[in-house]
Amino acid sequence: MSNADYIALALFIVLWALYSWFSAGSGGKYLPRQSLNRVMAERRKNWIYNSLSRDLKMIDTQILAGLQNGTAFFASTSILAIGGCFALLGATDQVEAVFRDLAIASYGGRTSFELKVAGLTVIFGYAFFKFGWSYRLFNYCTILFGALPMMHETNGNREAAERAADQVVRMNTIAASHFNSGLRAFFLSIGYLGWFAGPYMFMAMTVVVIVALTRRQYFSEARQAVMEDMR
């Protein structure tokens, strides 16, 4: 691989780390705007605390089931993507013939191609573990939610009820954080695909994906709708 390839890979890793740090990590406190993920974390807290005021919690359990089902879908998709990467490794000869005929693609040889596919496999493997752990945490969250006290117990000991609710909120937020990490890996894998066309396409697509994700987190209509509702 050329120096441009190493620079492109380093840019990809650095931008991924910085975006994660600002949107979901402690770096968000240095920004003047809250990310959509952080805003929704507050809404999760409002939801769980609101459930303390009602005994019938069928709606809440449906929400939790929906969160689990979405996580399971992406975990299954990750497995399919990993399988596709292994299939791609088995078709290196055919891919090599295709890349040689493409004027816009920069083919670095068989070894370079296999290393790029291996990197893509690592990304999807990382996403799978994130989604799998998120699914498990949402399961724990459901159990903790089932242990929330009924209304008469909440009124009798509000402090204990809020402590139980805080446990649910923390577990739900952690599960969502892992889910978002897996989703980021999926989105950034689109930028990584540009590497197969060359290092400069890799850098360009990575920047485009990061800009799109940043816009959605800080300047999207979805964020504006939530912020308006919180005023």
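Has the range 17-25 got any residue that is assigned to a loop (DSSP other than H, G, I, E, B) and either open to solvent by 30 Å² or more (accessible area, probe 1.4 Å) or modelled with pLDDT of 85 or more (or both)? For the range 17-25, residues assigned to a loop (DSSP other than H, G, I, E, B) and either open to solvent by 30 Å² or more (accessible area, probe 1.4 Å) or modelled with pLDDT of 85 or more (or both): present.
Quick one: which of Ile143, Ile104, Ile82, Ile174 is assigned to a helix (DSSP H, G or I), exposed (fewer than 15 other Cβ atoms within 10 Å of the Cβ), out of contact with any Pro (no Cβ under 9 Å at 6 or more places or on another chain) and modelled with pLDDT under 95? From the options Ile143, Ile104, Ile82, Ile174, the qualifying one is Ile143.
The set of residues in the range 26-42 that are outside any loop (DSSP other than H, G, I, E, B) and either touching a strand residue (DSSP E or B) at 6+ places or on another chain (Cβ under 9 Å) or under 20 Å from Gln224 (Cβ atoms) (or both) comprises Gly28, Leu36, Asn37, Arg38, Val39, Met40, Ala41, Glu42. Mind listing just one residue for me: the one in the range 202-231 that is free of Cβ contacts under 8 Å to residues at least 60 places away in the same chain and either closer than 23 Å to Ala10 by Cα or touching a strand residue (DSSP E or B) at 6+ places or on another chain (Cβ under 8 Å) (or both) and, of those, least open to solvent (accessible area, probe 1.4 Å)? Within the range 202-231, the match that is least open to solvent (accessible area, probe 1.4 Å) is Val209. I need the full set of residues from the range 190-210 which are under 16 Å from the mean Cα position of the chain (by Cα) and not hydroxyl-bearing (Ser, Thr, Tyr), in order please. Result: Ile190, Gly191, Val209, Ile210. Scanning the range 185-201 for residues that are open to solvent by less than 20 Å² (accessible area, probe 1.4 Å) and either polar (S, T, N, Q) or in a helix (DSSP H, G or I) (or both) yields Ala185, Leu188, Ser189, Gly191, Tyr192, Gly194, Trp195, Pro199.
The values are calculated or read from the model by the stated rules, or taken from the named source; none is laboratory data. Computed from a prediction, not measured in an experiment: that's the story for all the values here. All Cβ positions, glycine included, derive from the backbone under ideal geometry; neighbour counts span all protein chains shown. Only protein heavy atoms, including side chains, enter the accessible area calculation; ligands, DNA and RNA are left aside. Shrake-Rupley method; radii C 1.70, N 1.55, O 1.52, S 1.80 Å.
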